[in-house]
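Below is one structure, written out as structure tokens; the observations come after it.
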């Protein structure tokens, strides 16, 4: 599929963040212009991230500050998707949330009760405020057999001064300590977040395009959900990595700024 055909077929663009639209606080070259052109064509844009440590409002503030966000654009995180999944599948359940205070505030605003003592279900998010007390308590609840969810599977989170351990690394620790793997992982590359996006934006999956820089999250997310896929080579993936991968994106560009 050519990039022109992909743009024509896509009504809703899901845009990964770091490595796709920006690096740190710097928008990638040509991205502002590409986003403006897509909006002018009537395309809907949703900035989509697995990072569940920050709130929707924090991402909106950053994206607006660096000139990438317009009022009509969406922002969606794996933390938001996890909250919606819990409300659908564990209605009224009390949640032991291993996550940041920002995520706990989002859960409270969504009407989800967090309980550190007698929960019904456990959720592991990207907790940049993680303590041993939280680790110990989650391990105890997992050993008791409580349902176990995670927001996303990324091993590391990229930062300006190198990668930091992410939820995937935490999951490896809990697998060793409690012999448990999550019953469900919500975010990319799995389907729970994909289904939530289709419902939220009333979209047809054949006309949704996932644009991102990672094969094993962004591109596999598109494949698992029946979306179109656009790989950008401005982040993690190189042409050598692409050639060695069984995952085949629908289109490949050097950067999002070169899409149109």
Restricting attention to the range 133-146, does a residue exist that is on the phi < 0 side of the Ramachandran plot, in contact (Cβ under 8 Å) with a residue 60 or more places away in the chain and not in a strand (DSSP E or B)?
-> no
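Go over the candidates 173, 210 one by one and state the one that is in the same structural domain as residue 143 (by TED's automatic domain parsing) and modelled with pLDDT of 95 or more. First the steps, then the outcome.
Details: 210 fails: in the same structural domain as residue 143 (by TED's automatic domain parsing).
Step by step, each of 173, 210 is checked, and only 173 is in the same structural domain as residue 143 (by TED's automatic domain parsing) and modelled with pLDDT of 95 or more.
In the range 116-126, what count of residues is obtained for those that are surrounded by fewer than 23 Cβ atoms within 10 Å (Cβ to Cβ) and either outside the structural domain of residue 95 (by TED's automatic domain parsing) or assigned to a loop (DSSP other than H, G, I, E, B) (or both)? Talk me through it step by step, then tell me what you get.
As a first pass, look at the range 116-126 and keep what is surrounded by fewer than 23 Cβ atoms within 10 Å (Cβ to Cβ): 116-121.
Still in the running and either outside the structural domain of residue 95 (by TED's automatic domain parsing) or assigned to a loop (DSSP other than H, G, I, E, B) (or both): 116-120.
Within the range 116-126, residues that are surrounded by fewer than 23 Cβ atoms within 10 Å (Cβ to Cβ) and either outside the structural domain of residue 95 (by TED's automatic domain parsing) or assigned to a loop (DSSP other than H, G, I, E, B) (or both) number 5.
Could you check, for the range 105-115, whether at least one of its residues is on the phi > 0 side of the Ramachandran plot and part of a loop (DSSP other than H, G, I, E, B)? Let's see the steps before the verdict.
Here is the first cut: in the range 105-115, the residues on the phi > 0 side of the Ramachandran plot are 111.
Applying the additional criterion that residues be part of a loop (DSSP other than H, G, I, E, B) yields 111.
Yes, the range 105-115 has at least one match.
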Wholly inside the range 152-260, helices (runs of 4 or more DSSP H) that include 3 or more residues that are touching a strand residue (DSSP E or B) at 6+ places or on another chain (Cβ under 8 Å) are 167-178, 191-201, 220-225
Can you confirm whether residue 163 is surrounded by fewer than 20 Cβ atoms within 10 Å (Cβ to Cβ) and within 25 Å of residue 236 (Cα to Cα)?
yes
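The values are calculated or read from the model by the stated rules, or taken from the named source; none is laboratory data. Treat the numbers as computed from the prediction; the structure is a model and nothing was measured. With ideal geometry, Cβ positions are generated from the backbone for all residues, glycine too; neighbour counts draw on all protein chains shown.
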